[in-house]
Each structure stands twice: as C-alpha cells, then as structure tokens.
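The block underneath contains the structure these notes are about, expressed in structure tokens.
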Amino acid sequence: MEYHEKSKLRLKREIRRHFSVYALLIIPLIYYIIFKYIPIWNGQIAFKDFMPLDGVLRSKMIGFTHFITFFRSFYFWELLRNTLFYSFGKLLFSVPLAILLAIILYECIHPRLGKIVQTLAYLPHFLSWVIMYGILLVLLAPGDGIINDIIKVFGGKPVAFLTDAKTFPWIVILSDGWKEMGWSAIIFIAALMGIDPSLYEAATVEGVGALQKVWYITLPSIRPVIVMIVLLRLGTILDAGFNQMFMLYSTPVYSVADIIDTWVYRQGLLEFQFGLATAVGIFKGIIGLFTIWLSNYMVKKISDSSLF
C-alpha cells in the first residue's frame with residue numbers, strides 16, 4: 001500500500017510541476033474523442049440498413065450485405081488497382097524525395113540559402129488542392145500552359161496532361177511529391193540533427209568523401225526513422241488522397257483516376273448509402289492494420305528496426 005501511495009503522490013507532484021505541458025494535451029484529446037473514438041460506436045451501421053430517422057440502434061441488422069455489395073461491384077478491382085497504384089507510387093516517390101531534401105538542407109553550408117529553399121519547399125504543404133489545381137492548370141494547360149508552351153517552342157505537340165489517361169497518374173504522383181516533400185522532410189531533418197558529429201569528423205580524417213558519408217553514416221543512422229515512417233504510411237495504404245483526386249480527376253480519366261475514396265463519396269454521400277460508405281471504411285482499416293502488422297513482422301526478420 002505504501003508503494004501505491006508514494007506512486008500516486010509522485011504522479012500528482014509531476015502533474016503539478018508540468019501542468020502547462022499536460023494542459024496542451026486537452027485540445028488534441030478532445031479532438032480524438034469526438035472525431036476518432038465516438039465514430040467507432042457509429043461504425044455498426046456498416047452491418048445495418050441505416051435509416052437516419054430510425055437512428056443507429058433501431059435500424060435493421062443486415063449483416064455483411066454492404067461488404068458483399070462493395071466486393072461484387074463492377075468497379076471493385078479497378079478501384080483497388082488504382083488505389084494501390086497511387087498509394088505505392090506516392091510512397092516510393094515521396095519518401096526518398098523527402099530524405100534527399102532533408103540531407104541537402106542538413107548539408108547546406110550557406111544558412112541563408114538553406115532557409116530560402118526550406119521555406120519554398122514547405123510552402124506548398126499549406127496550400128489546398130484547390131489552389132494547387134489552379135497552379136497545375138497554369139503549368140499544364142494544353143492551350144497556354146507554361147510546359148506546353150516550352151514543348152511547342154521545340155516543335156512538339158501540346159499534351160493534355162490532366163485529361164490523358166497515360167500522363168494523368170504520373171501528374172498525380174509528382175504533384176503530391178512536390179506538395180508534401182518539404183513537410184515530410186521535417187522529421188528526417190530532426191533525425192539528422194541527432195547524429196553524433198564525431199562520426200563525420202572521423203570519416204573526414206580517414207579521407208571519406210561526401211557521398212560515402214551519406215551512404216555509410218547518414219542513411220544507417222536515420223534508418224529507424226525511415227522504417228517507422230514507411231510502416232506508418234503502409235498502415236494507410238488504401239488512402240490514396242481523396243482531396244487531390246477529387247480536384248484533379250475528370251470523366252476522360254475515370255478509368256485510371258477513380259479510387260476507393262471517390263467511389264465512396266459518390267455512392268455513400270451523393271446517394272445517401274451511409275452504411276455502404278462505413279463498410280468500405282472498415283474494410284480499409286482492416287487492410288491497413290494487416291498491412292502494417294505484416295510489414296513490421298518482415299522488417300523485424302531482416303533488420304533490428306521495427307515499429308513495435
């Protein structure tokens with residue numbers, strides 16, 4: 001009993017001492033309770049014929065009907081293919097790009113230049129996809145877009161980048177990398193700052209070049225952070241970026257642009273099939289959980305870095 005009493009007193013003392021820090025947790029805690037935990041209760045409508053007037057509890061139970069409807073949908077395999085393509089494409093492109101940017105900023109010997117580049121790289125993250133779509137139109141419009149003007153100067157024909165099924169997927173992946181690379185680089189820059197400078201000094205004494213330092217010191221030192229970021233991204237592998245796709249896609253590119261989230265928007269919200277939309281959300285959550293567990297298991301087998 002004395003041990004428990006001492007633990008309680010110690011805990012109260014720590015809370016009083018760091019009250020301002022704990023107070024900062026109140027807002028995110030309220031956010032997660034309202035938008036993350038309470039909706040779990042409403043997740044049961046995935047198994048019901050949900051009627052708003054009847055409410056969650058009084059709606060008729062229909063089991064896995066909504067899941068079967070989604071799996072048997074004519075567009076299921078096309079939606080799954082597109083979603084996985086964009087998710088893996090963004091992962092394979094954006095993570096190395098963020099690491100490269102972080103290393104460049106960390107190694108930059110001109111502080112003012114580094115700050116300018118860092119600011120320019122961060123800025124797109126704070127722009128909505130509505131604004132980004134306008135920028136992409138200015139750059140890629142087939143009539144008077146800057147890129148097409150350059151193509152025409154060299155004698156080429158204009159390319160309809162945003163309405164061509166061949167070019168559209170790559171525009172999606174590249175624009176996402178451009179928008180998010182600066183923000184994603186922040187955590188890698190923080191990891192780089194934790195590397196012992198004596199390692200670089202010893203390498204310099206041994207005559208090791210800059211690229212060799214990156215390959216043999218920098219990357220191995222931040223490997224646990226890279227693994228963590230990749231595993232967390234794999235947990236949301238079926239989130240291919242609804243906001244981006246909703247702004248960029250159009251009828252000519254539906255076959256390569258329609259993803260699970262856009263389909264859910266049309267079926268679940270525009271047609272008021274809330275139970276179906278919830279069922280797809282649960283499906284995505286289960287796939288994400290399985291993916292992150294499997295990836296973490298495989299990483300633990302081949303290296304000493306893992307998420308859990």
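Read the figures in this text as sums done on the coordinates, not as results from a lab. Every value quoted in this text rests on a predicted model; they were computed, and no experiment measured them. Here Cβ is always computed from backbone atoms with ideal geometry, including for glycine, and neighbour counts include all displayed protein chains.
At a glance:
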read-out	value
Cβ charges +1 (Lys, Arg) and -1 (Asp, Glu), total dipole of region 1-63, debye	340
For region 86-217: relative contact order, % (alpha-carbon pairs under 8 angstrom, 6 or more apart)	36
Ellipsoid semi-axes in whole angstrom, largest first, where each is sqrt(5λ) of the Cα gyration tensor of region 1-77	46, 16, 14
Unit charges on C-beta of K, R, D, E only; dipole of region 158-308, Debye	240
Per-selection Kirkwood Rh - region 217-276 (Cα, Å, 1 d.p.)	14.0
Value of D in µm² per second that Stokes-Einstein yields for region 7-139, Kirkwood Rh from Cα pairs, at 37 °C (0.692 mPa s)	154
Whole-Hz ³J(HN,Hα) from phi, Karplus 6.51 cos²θ - 1.76 cosθ + 1.60, for region 144-153, glycine and proline x	10, x, 4, 4, 5, 4, 5, 4, 5, 4
Dipole axis of the chain (+1 Lys, Arg; -1 Asp, Glu on Cβ), positive-most option in Ala203, Val264, Val130	Val264
Burial ordering of Met51, Met245, Met132, Met298, fewest other beta-carbon atoms within 10 Å first	Met298, Met51, Met132, Met245
Solution diffusion estimate, µm²/s, Stokes-Einstein, the chain, Kirkwood Rh from C-alpha pairs, 25 °C, viscosity 0.890 mPa s	105
Partner lysines for Lys284 [C-alpha distance under 19 Å; skip if fewer than 8 residues away on the same chain]	Lys36, Lys48, Lys90
Pairs of Cα atoms farther than 17 Å apart, region 64-114, %	61
